[in-house]
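Nothing in this text is a laboratory measurement; each read-out follows from the coordinates by a stated rule. Note that the structure is predicted; figures quoted are calculated from it, not measured. For neighbour counting, all protein chains shown are included, and Cβ atoms are generated from backbone atoms with ideal geometry for every residue, glycine included.
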Amino acid sequence: MVDADFLIFDEPTIHKEADDSAAFVRHISHAAAGAGERVINHRLEGLEDFDEILVLDEGRVVERSIHQYLVAAEGPYAQAFDSQRIDAPGSLRVNDSEHQGDRDG
């Protein structure tokens, strides 16, 4: 990619289709191997292999971990991740009451 010590990608998938976003984010991660990198992104698909994910709310870090732990914690990251998967093209759409019922038990 580029011979740099540190790379910052700000919303690199903003103009990509949702299906392409996850693959593109993974490509960035592998292409930047050896360099420090930061990806600022609202789409959460593709972040599964990142070393650390920081979740911000009004400029403050509210969660910090890897994808698997953030999903298991059922906090803001998990809620956003679930919402994006439900809203993705080709996915089943469930109404909020059905979705909430699944979470409660």
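Between Asp5 and Ala72, residue separation times 0.36 nm minus the direct Cα-Cα distance comes to 20.9 nm. Phi angles across the stretch 35-45 convert, under the Karplus curve 6.51 cos²θ - 1.76 cosθ + 1.60 with θ = phi - 60°, into 3J(HN,Hα) values of 10, x, 9, 10, 10, 9, 8, 8, 7, 9, 4 Hz, Gly and Pro given as x.
What does the net charge come to around Ile53 if you take all other residues with beta carbon closer than 13 Å to its beta carbon, with K and R at +1 and D and E at -1? Counting the neighbours of Ile53, the net charge comes to -4. Counting charges near Phe6 (Lys, Arg +1; Asp, Glu -1) among other residues having Cβ under 11 Å from its Cβ returns a value of -1. Here the spin labels are modelled as points 7 Å beyond Cα on the Cα-Cβ line, and at Asp20 and Val61 they lie 3.3 nm apart.
Amide H contacts for Val39 (H built 1.01 Å from N in the peptide plane; partners 5 or more residues away or on another chain; cut-off under 5 Å): Phe9.
Near Glu37, within a Cβ-to-Cβ distance under 13 Å, what is the net charge of the other residues, with Lys and Arg +1 and Asp and Glu -1? Neighbourhood net charge equals -3.
Close amide H contacts of Glu63 (hydrogens built in the peptide plane, cut-off under 5 Å, sequence separation of 5 or more or a different chain): Val55.
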